[in-house]
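The values are calculated or read from the model by the stated rules, or taken from the named source; none is laboratory data. Keep in mind that what you see is a predicted model, and the values were worked out from it rather than measured. In this analysis, Cβ positions are derived from the backbone assuming ideal geometry, glycine residues included, and neighbour counts consider all displayed protein chains. Just the protein is used for accessible areas: all its heavy atoms, side chains included, with ligands, DNA and RNA removed. Shrake-Rupley method; radii C 1.70, N 1.55, O 1.52, S 1.80 Å.
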Amino acid sequence: MATDTAAGRQSLSDEVMKLAADHARRYAQEVSQRRVAPSEAAVAALADLHEPFPTSPCDPSAVIARLDQIGSLATVATTGGRYFGFVNGGMVPAALAANWLAAAWNQNAALRVMSPIAAELEEVVLRWVCEALGLPRECAGGLVTSATMGNFTALVSARHALLAREGWDVTADGMFGAPPIEVVVGAEAHASILKALSLAGFGRKRVAIVEADGQGRMRADKLPRLSERTIVCIQAGNVNTGAFDPAAEICKAAKEQGAWVHVDGAFGLWARISPKYEHLTQGFDQADSWATDAHKWPNVGYDSGLALVKDGVALRASMGIAASYLEPGSRREPMHHTPEASRRARGVELWAALKSLGRSGLCALIERTCAHAQQFALGLREGGFEVLNDVVINQVLVSFGRPEVTREVIRRVQEDGTCWCGGTVWQGKTAMRISASSWATTETDVERSLQAIVRIARECRAT
């Protein structure tokens, strides 16, 4: 290792950063050519990482080299063009590069005094997202890890606002003895909403569940009686079908009774930026709070979720923190808008992605991936297989026949490595789920993936 002097430490730092950058660049260059799922040998090699805690320091360059040697081969190629699982976006180049720079900055985004750049970028991107999605300008918001935490943050804000109307300060007095709040969700609500409701103290079993139609949309005509102490959770983009709840009807009914409407818009909310798909999202701007992921359709990279709340007072009252050593500033302080205090500067990559794409670039990304979904659906139908959903945005559900056949097709497709698609059960039918979400996907990627899926499906049917 280098001599323990300022010059020696700097030389060592330069060496290890150059090594990491070289490995990262090579990975990014090769990811589109490699198999999507790691090989069995690469996964088995992870066992070599299970060693006793080192008793003495290791050469940082050797650490990075070992990480690349074992780790890079055992990754799933989600940043390539042939990953279609879990609505995972890739990572646009500006976001990737900004991630490297932000890691070098190593900023704590809790307070403006800790990082002026982190605090400023958060303000910018929150305003940009509201502009892009056509949401009220007065929204307050926070940058969180994911839509799950975005849902939690918004629901806790809703809880505060609704109980404050009843004269109950939930931040000070908790939920014990508080006036009851009713929660309404659709039958096809995402699991992250149920988890967030549980974390917020509402429970998963005590919610009113509204019947959904054949595409997973909440039926507005089946809404229960609403009141000023009701939270209605609606969905922009069903994770299986891509369908949108009828927001305009639901928001109108909720507003008439003073209920709070929250939108789980993890990926589908971004369709609002496209003139071609905006009609699917009518009425969602009439809600009271929204949660979405920038690491899905905008392709920002992980740890990039957002919570947006029209009632900024409720958000800050729910998330605020006070201590003698935390001197409040006169401007927005990031830690008063999220569950965490200390955290990384999430706004850096989000700013870089949105700045590099702009409105037209983000719109093109949305429309291009929706076109890829249509390409998948057409090819699968022509192959003689049943597409189960109306392909309205970027989600495709396909059945290859009996449940055991469909499961075997999914297993073999993942094992084959040409592409990666996951499984699901949709209204009683076992299906493969294809989510076209990556900026890196091309028509050639889709055609190559289709050929592999159809070939494997026909082999499975034959046997």
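In table form, for the structure just shown:
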read-out	value
Residue list for the stretch 275-314, filter: among the aliphatic types (A, V, I, L, M) and under 21 Å from the mean Cα position of the chain (by Cα)	Leu280, Ala287, Ala291, Ala294, Val300, Leu306, Ala307, Leu308, Val309
Residue match in the stretch 150-158 (condition: touching a residue at least 40 places away in the same chain (Cβ under 8 Å), open to solvent by 10 Å² or more (accessible area, probe 1.4 Å), in contact with a Pro (Cβ under 6 Å, 6 or more places away or on another chain) and not hydroxyl-bearing (Ser, Thr, Tyr))	no
Residue in the stretch 28-43 that is open to solvent by 80 Å² or more (accessible area, probe 1.4 Å), more than 30 Å from Ala294 (Cβ to Cβ), not in a loop (DSSP other than H, G, I, E, B) and not aromatic (Phe, Trp, Tyr) present	yes
Tabulated pairs, the stretch 361-383, first farther than 20 Å from Arg455 by Cβ, second assigned to a helix (DSSP H, G or I) and open to solvent by 50 Å² or more (accessible area, probe 1.4 Å), C-beta under 6 angstrom, 6+ apart or interchain	none
Every pair of residues 6+ apart whose Cβ atoms lie under 9 Å, when the first sits in the stretch 243-269 and is assigned to a helix (DSSP H, G or I) and open to solvent by 30 Å² or more (accessible area, probe 1.4 Å) while the second is at pLDDT 95 or above and among the polar types (S, T, N, Q)	Ala248/Gln282; Ala248/Gln286; Lys252/Gln286; Lys255/Gln286; Gln257/Ser227; Gln257/Thr230
Any chance Arg229 is modelled with pLDDT of 95 or more and either on the phi > 0 side of the Ramachandran plot or among the basic types (Lys, Arg) (or both)	yes
Lone qualifier among Gly203, Gly216, Gly177 - being assigned to a loop (DSSP other than H, G, I, E, B) and buried (at least 17 other Cβ atoms within 10 Å of the Cβ)	Gly216
In the stretch 95-115, the residues that are farther than 13 Å from Arg344 by Cα and surrounded by fewer than 16 Cβ atoms within 10 Å (Cβ to Cβ)	Ala97, Val113
Residue ID - nearest to Gly89 (Cα to Cα), chosen from residues in the stretch 45-79 that are over 29 Å from the mean Cα position of the chain (by Cα) and β-branched (Val, Ile, Thr)	Val63
Residue tally, condition out of contact with any helix residue (DSSP H, G or I) (no Cβ under 6 Å at 6 or more places or on another chain) and either more than 18 Å from Ala196 (Cβ to Cβ) or free of Cβ contacts under 8 Å to residues at least 60 places away in the same chain (or both), over the stretch 299-309	2
Filter result (in a loop (DSSP other than H, G, I, E, B) and surrounded by fewer than 15 Cβ atoms within 10 Å (Cβ to Cβ)) within the stretch 419-451	Gly428, Thr442
Criterion violated by Asn389 - all others in (1) in contact with a helix residue (DSSP H, G or I) (Cβ under 8 Å, 6 or more places away or on another chain); (2) touching a residue at least 24 places away in the same chain (Cβ under 8 Å) satisfied	(1)
Of all residues in the stretch 129-143 being in contact (Cβ under 8 Å) with a residue 12 or more places away in the chain and part of a loop (DSSP other than H, G, I, E, B), the one that is most open to solvent (accessible area, probe 1.4 Å)	Glu138
